[in-house]
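The values are calculated or read from the model by the stated rules, or taken from the named source; none is laboratory data. Here the structure is a predicted model, which means the values were calculated and not measured. Note: ideal-geometry Cβ built from the backbone for every residue, glycine included; neighbour counts use all protein chains shown. Just the protein is used for accessible areas: all its heavy atoms, side chains included, with ligands, DNA and RNA removed. Shrake-Rupley method; radii C 1.70, N 1.55, O 1.52, S 1.80 Å.
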Amino acid sequence: MRRTLVAGNWKMNASQAQTESLVAGILDAGELDCDIAVFPPSLYLTQAVALASGSHLSVGGQNCADQISGAFTGEVSAQMLADCGAQMVIIGHSERRTLYGETDGVVLAKTRLALDSGLVAVVCVGETLDERKAGDAENVVATQLALLLKELSDSDWDKVVIAYEPVWAIGTGETATPEQAQQIHAAIRGMLAGRSAAIAERTQILYGGSVKAANAAELFSQPDIDGGLVGGASLDVAEFIGICRA
Ligand code: PGA
């Protein structure tokens, strides 16, 4: 049985004070019937880890380098995230893919390093509006997943979470309908099943794109939606907890 995971991606937002109040607010709500994780900017990771220490809340990084270590000014390695207490890392978010040119090869390299560092890799896939209009959504997602399906071992998949985030629904207030999301989630699970039925059965597939407390229950009730990757709404404790309760 797959657990529901609600993951808050703070993106380049928050401060030390907000890190404190957001984590405190989540902990105050107590344990809920889902796994919860937050992804603060890496500067606030250690602070969030300390605040969440010993609790049910997991903390992760928003990105990691595609190299182990060395002369890569400004980069943060997967090993450093793990060393600072992160348990997870988001990889291949559409903002990384479009604004920073991350290819599927880079996403694979980062995923490999994350897994080798003991982190859970939350790998993002999703189509743009033009790709959806052209009827290409499933093909785009299949292409984004192909290298991972080819290169990762069965045991690697124990530590991989897929986040389906249609680019047109991120930060736009535009949410995929539960049916639209379920359709792609089912397709993704089918792609995983092409690799292994067991992997398909156990891999969590999150939906991301304007998830709010008001639409989370309907999205999460779909058979192949195992939780959400939440951007904007994760910066508001009441909204975020509302999503977790859903
Ligand atoms: P959003 O972002 O919830 O603000 O749409 C989701 C994401 O980018 O992970």
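With charges set only on the Cβ (+1 for Lys and Arg, -1 for Asp and Glu), what does the dipole of region 46-163 come to about its Cα centre, in debye to the nearest 20?
With only Lys, Arg, Asp and Glu charged at Cβ, the dipole is about 220 debye.
Where does the chain land at 222 nm, in deg cm²/dmol rounded to the nearest 500, when only DSSP H runs of n ≥ 4 count, each adding -39500 (n - 2.57), divided by all residues? Don't skip to the end; give the middle numbers.
Numbers: 11 runs with 107 residues, N = 246.
Dividing the helical sum by the residues of the chain leaves -12500 deg cm²/dmol.
Obtain the nm distance between the two label points defined at Asp136 and Glu218 by a simple spin-label model: each point lies 7 Å from its Cα along the Cα-to-C-beta direction.
Label-label distance for Asp136 and Glu218, simple model: 2.9 nm.
Per residue, how much accessible area does the chain have with a 1.4 Å probe, in Å²?
Per residue, the chain has 43 Å² of solvent-accessible surface.
Label 7 Å along Cα→Cβ of Ile68; region 87-126 residues with amide nitrogen under 17 Å?
109-119
For the chain, which DSSP H helices look membrane-span-like by this rule: Cα extent along the axis of 20 Å or more and mean Kyte-Doolittle of at least 0.5?
Values: long enough: 137-151 (23 Å, 0.69); 178-195 (26 Å, -0.37).
Passing helices, by number: 137-151.
Leaving out same-chain residues fewer than 8 places away, which lysines sit with a Cα under 19 Å from that of Lys110?
Candidates past the 8-residue exclusion: Lys11, Lys150, Lys159.
Using a 1.4 angstrom probe on heavy atoms only, work out the carbon and sulfur share of the accessible area of region 93-217 in %.
Roughly 54 percent of what the probe reaches on region 93-217 is carbon or sulfur.
Just read off the accessible area of Tyr100 with the full protein assembly in place, 1.4 Å probe, to the nearest 10 Å².
Roughly 140 Å² of Tyr100 is accessible to a 1.4 Å probe.
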